[in-house]
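Right, one structure below, let's go through it.
Throughout, read-outs are computed from the coordinates displayed, never taken from laboratory work. All figures in this text were calculated on a predicted structure; none of them were measured in a lab. No Cβ is skipped: glycine too gets one built from the backbone with ideal geometry, and neighbour counts run over all protein chains shown.
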Amino acid sequence: MRFFVSFSVFVSLSIFTIQCQKQVVPQEEITKFLPKPKVYIQTVGTGKRGSFVGMEPYLNQYSYATEDSFYLALRDYFQMAKEKELLFVDRSIIVLPEYIGTWLVVTAEDKSIFATNTIQEAMEVLVKQNLGSFLWHYLFSNSYSADSLKETLFRMKAWQMSDRYQSVFLRLAREYRVAIVAGSIVLPHPKVIEGKITPTDGPLENVSFYFHPDGQVDDQIVRKLFPIIEEKEFLKEGKLEENPTYQTSLGKLYTMVCADSWFPEVYEELQKSEAELLAVPSFVAPADAWTTKWNGYNGYANPKDIEKKDIGLISERTAWKKYAMAGRLKDPKVKAGINVFFRGEIWDLKAGGDAFLSLGGKPVINVVKEEKTQGRMYVLFL
């Protein structure tokens, strides 16, 4: 418990709580406001052993209005891949972006949340609509972070988020008979217990789950190792030696969550794992961050191999190309690597970034040309 509070104060706060009847966004309204993206597809290679697929769905807040809207927003891309014969039954792995599950924090909430203009406003409405639960978690749940309000919000919604996240990706994996690196989601130190993603009373973490083609979630969890400054306020880092390597039909798979792909020690662990595939789910915001000057490592000392003259000189995009997967993946055992980025506009938050690809130990040029509300798909045939 963070601190003690008298029973009389808690009762007063409970009486003050407004019990709101939530009105979920109607389907016709969801349909009206959902993005209608053009989808760019790049295919590489001619192998028939299977496919390693990076998906970057273009999403907005209405994509998360209901569990079904989230499922359908992603299903469009899976269905397109199937119709274009880009998937192999039980021999395809889909990689989705970082934080793709995190916005499930607002799913099935009142429609007024989705009509707000900013994330700040949306979260304020979310708290007001769930004031009793929010106060309970704020006063009586364990606290591990400096940003206790953000921590409380995610802890309050953790069970609903994990249930919907697992439900959607189980359904997609089973329906299309593919494995899925399901981006990432913020949950309090989750575990997989008897096949179910289970939040605990531990610290919030940025975690990635792997779903097998039969829909079962793997009980091994990837936890982000190097949260950046903005994340450190409410997220706990994972431990390098505890992150797993997954056994797949296409070989061993290793996952690095976003900033983890910038650190030499993680590639040493990759080499030890003898993985043949590397997945890097990422998130970069705002959208124009890609062209801004790079300021060095965010929240950490720069590794010794960094050229100091690059700091403040090269762009964020060039830094990603030089110091993340595209520049650091040297292990000849790794036959394919995919670094995908979250795309979309969640209230006033616009995310961007261009995927990096590797096949046969060589970088693949991403030939995408930016278009408004553009979803993307990258297919490496193995």
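Key figures
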read-out	value
Net charge, Lys82 excluded, C-beta distance under 12 Å - Lys, Arg +1, Asp, Glu -1	-1
Hz values of 3J(HN,Hα) by residue in region 160-167 - Karplus curve (6.51, -1.76, 1.60), Gly and Pro given as x	5, 4, 5, 4, 6, 4, 5, 4
Those lysines that a straight Cα-Cα span of less than 17 Å connects to Lys22, excepting residues fewer than 8 apart in one chain	Lys111, Lys128, Lys157
Per-residue ³J(HN,Hα) for region 367-379, Karplus 6.51 cos²θ - 1.76 cosθ + 1.60, θ = phi - 60°, Hz, x for Gly and Pro	9, 4, 10, 4, 9, 5, 6, 9, x, 9, 9, 10, 10
For the chain: span of alpha carbons on each principal axis (Å, largest first)	67, 48, 42
The chain - percent relative contact order, Cα under 8 Å, separation 6 or more	23
Rounded to whole Hz, the Karplus (6.51, -1.76, 1.60) HN-Hα couplings of region 102-107, x for glycine and proline	5, 6, 5, 4, 9, 4
When region 62-200 is reduced to its Cα atoms, the Kirkwood hydrodynamic radius in Å	16.3
Exceeding the 27 Å Cα-Cα cut-off - candidates Lys236/Lys350; Lys239/Lys272; Lys48/Lys196	Lys48/Lys196
Cut-off 15 Å between beta-carbons: net charge of the residues surrounding Glu109, Lys and Arg +1, Asp and Glu -1	-2
Residues of type aspartates and glutamates that Lys84 reaches as a straight line, Cα spacing below 15 Å, ignoring anything fewer than 8 places off in the same chain	Asp76
